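Take a look at the structure below.
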Amino acid sequence: MNRKPMQSNIKEIPNSKLFSYLSFCVILFGNNTIGQVDEQLEEVVVLGRAINTPDLSATSSAGSRLGLSVMETPASIELIDSSVMRARGYKSVAEAVKSLPGVVSGESPAAPSTFSMRGFSRSAITVLRDGIWLGPANMVMRPQNTFNLDRIEVLRGPGSALHGQGVVGGTVNTVVKRATAEAEQPIEVLASYGRFGTYQFGVGGGTQLGDSTWLRMDVNQYGSDGYVDRMDPESTNVTASVLWQATDDFDVEFQVDYLDDSLADYWGTPLVPRGSAVSPLSDVVLTSTGETVDEQARFRNFNVRDSRAVSDQLLFRVDLSWRLSDDIELKNTTYSFNADRDWGNAEGYVYCTAVVDVCKETDVIQRYYGYFFVTHDQDLLGNRLTANINSQIAGRENRFLAGLELTNLDFSRARGFRRNIPLVAGDSVDPIAPVPGNYGSRELRGISPTKIDTRAVFFEDALDLTDRVTVVAALRYEELDLVRQNFNATGTIEASSFARDFDWVSWRLGVVARLTDDISAYGQYSDGKDPVNANLFLVNSGENLDLTDAEQWEVGLKGSWHDGRTQATIAYFDIQRDDVLERIGVDSAASIGGRDSNGFEFSAAFRPTSQWRVGANAAFIDAEFKRSTNFVTFAGNTPPNVAEVTGNLWTSYSEIGGLPLEIGGSLEHVDDRFGDNANQVGLSSYTLLNLFATWNAANYSVTARVNNVTDEIYVPWSDVFYLQQNDPGFLYANQILLSSPRMFELGVEFAF
């Protein structure tokens, strides 16, 4: 494979090996996906769900609250429904979202479920839980399973006018399965088991409790030994909803979403001098200082034996819907979210090349400054009220929405590095045979309570100027009151504490032109403002507190051809963001200037015959940092985890030999990336080959899946907080997360 050289002093990165994964999944679908076990209804077998066909007629709350279809919305929107996620074997939201054009994802235990999209990442991508913002994604998100989900909605580009702060690169909205009065919801049971003791068990379904009441509940359990020693991730997610139709025009819905989990306790594999590596992976990671990863340490865990990365969280909400007339509807959502999270790990590892500070000998991995703990105590209360009004203006259809949202967030974060506890011999370990050891005592650095109150008023409108041209606009005014306190270990308040109020306006204006009944063109301008790069849980008084400003221009086409057998979308975007706050040291951040990004995104699905399906997407992104008046260090650099080229290709063929058998495969390609802001660490491109075979029946289906067939070793994601922090005065971390090796899995799903 040809590869362009990286634009830094790093030499060209050679090809990495290909990777593989064997997956067998037996799936029994219910009556709403495969067929219905009912003698009065015709049995229908649906195949080809592994190919995600862009549904241009579907609606997405991530793209608009007006009930607009994807075709009618002047933005890039993609949906992945539950049947597609099951058919492809996606167990997590991250796995599903990274299959979309231009998306790179990582599951770093420090910031799980974070994404790179349109040249932006971390807190610039907002993750919603059924439309609710829970906090900066890189601070509060956990790995989310897909069994409890009805679909995932992804809106690309700034979305502050719709969802408030933290929406620059895109919005990921995970929509859970809910009770409904419109259709039967069969009981579904899923069980799977695979390599490294990886298992999943899920059960869910809905039932009618009375003439006007319906219940839906889903429970999912996931666990694994992990592909690295002592990873041991596990999670339990319970979602439930009760729908009560009090009258023909008034509905009440109660929802509960509970998660208890433990993250994979793998924080990375240390970078070592190339000359010290027994089997250097020079085709996977390349640094300007000549460091690499030793393949001999690939499956070794440098964390301690008693590590912790657990959470317990509960989201409760009540939704009221009142249809005042055929054209007016009021909706109110009241929600409460409570979370406790606890990390305690040897998170950072540095190879000692000299006897200095805590490095008492050379050629060992020193973990002393990498011992870190942090706890979160989070309470969020919110209420959102909206009114949808359909009317006519000058004889033209107009859809209008007005809304008010209030939130109160209390977030307390305690943390501590190891600075005063005496150094012991067990803090340093062998580079390829580490002895786990124990965390021991926790050393408190301080506690930081943060209180955030927000008030927002927002509007949306879609006006049909002609039979074929619609103008869509959105406006949001938001106020935010921030009180951040920092207390040291003795309880004394520190000078970095501060309080500040923010207010800003975000807006979006777009036009959709229906060129034909099946093809539309659109253009839009959108902007967004965020206080200090959106992560208010970390910023201190000495850092730049100006609002960041982002704006985007986007144009695109969406269409369906050949009686729906071909569907495609294409978009060009240009995003500019100013006053970007980035980390420049172990415990400091600064405004580094701006960040620009532009590129193309393409997504399509084809059905050449009734049995053969093909899906493809690709993205081409050019992103870079801009200089500021006082900071030029990163100017012109490519932001970390941004690939210039990404692409996915799927194909499947069904009803082979007249049997309910479907076989297919996919290719996933991610181009070279940089792992750090300084562009001193290069991550090689990778291409993954995946294969599957599915046997479908009336109420079950069996799937054999082979992913990453050639067993490629690659780095899926880099966390800049744990890379090249090797200052002898405060050794912290210099490591990289390596990918999973070949996997295989067997599963079964029933529907009753």
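The values are calculated or read from the model by the stated rules, or taken from the named source; none is laboratory data. Just so it is clear, the structure is predicted and the values come from calculations on it, not from any experiment. So basically every Cβ, Gly included, is an ideal-geometry build from the backbone, and we count neighbours across all protein chains shown. For accessibility, only protein heavy atoms count, side chains too; no ligands or nucleic acids. Shrake-Rupley method; radii C 1.70, N 1.55, O 1.52, S 1.80 Å.
Magnitude of the charge dipole for the chain, about its Cα centre and with charges confined to Cβ atoms of Lys, Arg (+1) and Asp, Glu (-1), is about 1500 debye.
Structure note, pairs 91/177; 98/529; 98/177; 451/529: Cα-Cα distances above 24 angstrom occur for 98/529.
Near residue 114, once Lys and Arg are set to +1 and Asp and Glu to -1 for all other residues with Cβ below 13 Å from its Cβ, the sum equals +1. When the charge dipole of the range 262-312 is built from unit charges on Cβ atoms (+1 for Lys and Arg, -1 for Asp and Glu) and taken about the Cα centre, the candidate among 266, 276, 287 whose Cα reaches farthest toward its positive end is 276. Just the number, please: carbon plus sulfur as a percent of the accessible area of the chain, 1.4 Å probe, no ligands or DNA/RNA counted. With neighbouring chains kept in place, the figure for the chain is 56 percent. The peptide list 425-436, 390-401, put in order of mean Cβ contacts within 10 Å with the highest first, becomes 425-436, 390-401. Divide the volume of the convex hull around the Cα atoms of the range 410-500 by the residue count and you get 217 Å³ per residue. Considering only 154, 355, 77, the residue lying farthest towards the positive end of the dipole of the chain is 355, judged by Cα position with unit charges set on Cβ. For the range 439-512 versus the range 284-302, the spacing of their alpha-carbon centroids is 39 Å. Extending 7 Å from the Cα toward the beta-carbon at both residue 362 and residue 453 defines two label points whose distance is 6.0 nm.
When peptides 554-560, 263-269 are ranked by their average number of other Cβ atoms within 10 Å per residue, the highest-first order is 263-269, 554-560. Per-residue extension of 0.36 nm, minus the Cα-Cα distance of residue 492 and residue 622, leaves a gain of 42.1 nm for this segment. Computed from the Cα positions only, the extents of the range 317-394 along the three principal axes stand at 79, 32, 14 Å, in decreasing order. Protection proxy ranking, highest mean first, for peptides 90-98, 273-281, 337-345: 90-98, 337-345, 273-281, where packing is the per-residue count of other beta-carbon atoms within 10 Å, averaged.
Accessible surface for the chain, divided over its residues, is 38 Å² per residue with a 1.4 Å probe. Which whole-number percentage describes the relative contact order of the chain, with Cα contacts under 8 Å and a sequence gap of 6 or more? So the answer I get is 18 percent.
Determine the sum of side-chain charges near residue 665: Lys and Arg each +1, Asp and Glu each -1, restricted to other residues whose C-beta is under 13 angstrom from that of residue 665. Result for the local shell: +1.
In the chain, the DSSP-assigned H stretches of four residues or longer account for a calculated mean residue ellipticity at 222 nm of -500 deg cm²/dmol, using -39500 (n - 2.57) per stretch and the full residue count as denominator.
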